[in-house]
Every structure is written in structure tokens, then in C-alpha cells.
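The values are calculated or read from the model by the stated rules, or taken from the named source; none is laboratory data. The structure presented is a predicted model; accordingly, all values stated were derived computationally and were not measured. A quick note on method: Cβ atoms are made from the backbone with ideal geometry, for glycine too, and the neighbour counts reach across all protein chains shown.
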């Protein structure tokens, strides 16, 4: 079954906020094998001009995946999650994510198209802080293999 092309242009507003904590940053850095002191030591982070530890650049995936859940679980879209793979991901950071941030994510559907027997869904997640200022823009391409291939 093809994805519903009427989803192009839809917006999924933020459904809550995510509190960024030092421990979450540390756990993420350990999981990806990055031992940079900026991700672990508040003193090092402050000496480098930050108010607290900062997150590795790919930490934003935690927030984008949470926001994407609303879209991929929307039954009207017609997406079979068991047939989906992550095709591409990019981040544009407007500033580092740091411990103490309270972040919200708004998701926009930028593309719904068929390609090579697959459906391709392109989404953009705007991550903002408590003041509404941009923190990260994340773009994802999700590929869904059709059953009728």
C-alpha cells in the first residue's frame, strides 16, 4: 500500500518538552564511544564558554525519533513500520544542545513520493528551546518498502 500523498505539508506540533540532563548526555556520549570532556565535565565545558556540558551533535536524534513517532504511527498515513528504514539524516545546529535545556520539536512533512518500488518520506524537525529560539534543524529521509514490489 502506498503512503498517502496528502500528508505532504502536514505539521505535527510539539506535544511536550524534553529536559536535557547531564546524565542523558553522558550516557549518549558513552553509547557512541565519544569521551570528549565537553560531554562529561561541567568544569571543562564552562572553561570553553558553555554554561554546562554540551551534547554530541547526534544527540538530537533522540528528540527527532520521538517526534517522528506521531507521524509514522498515524494510521491514515498507511506506513508499515516493519518495512521502514532510515535512508538519510542531517542536522543543522544553531547552537549546541546543553544540559538544562528544555526542548520542543515540531515536525513538518516535506515530501511523500514513490521511487523504485518504495515510498520515500522526507521530514524536517525544528528543535527549539523554552524561549522558542532555534536549536537544531533535523532532516530525515525514511524509506518504506512496498508490499506489492
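In table form, for the structure just shown:
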item	result
Residues within segment 130-145 that are farther than 21 Å from residue 78 by Cβ and either surrounded by fewer than 19 Cβ atoms within 10 Å (Cβ to Cβ) or touching a helix residue (DSSP H, G or I) at 6+ places or on another chain (Cβ under 6 Å) (or both), tallied	9
Any hit, segment 90-108, residues being part of a helix (DSSP H, G or I) and loosely packed, with under 14 Cβ neighbours inside 10 Å	no
Every residue from segment 117-135 that is touching a residue at least 24 places away in the same chain (Cβ under 8 Å) and under 17 Å from residue 11 (Cβ atoms)	121, 123, 125, 127, 128, 134
Which listed residue, of 138, 114, 104, is under 12 Å from the mean Cα position of the chain (by Cα), in contact (Cβ under 8 Å) with a residue 24 or more places away in the chain and closer than 30 Å to residue 2 by Cα	138
Unmet criterion (only one of (1) modelled with pLDDT of 95 or more; (2) out of contact with any helix residue (DSSP H, G or I) (no Cβ under 6 Å at 6 or more places or on another chain)) for residue 114	(1)
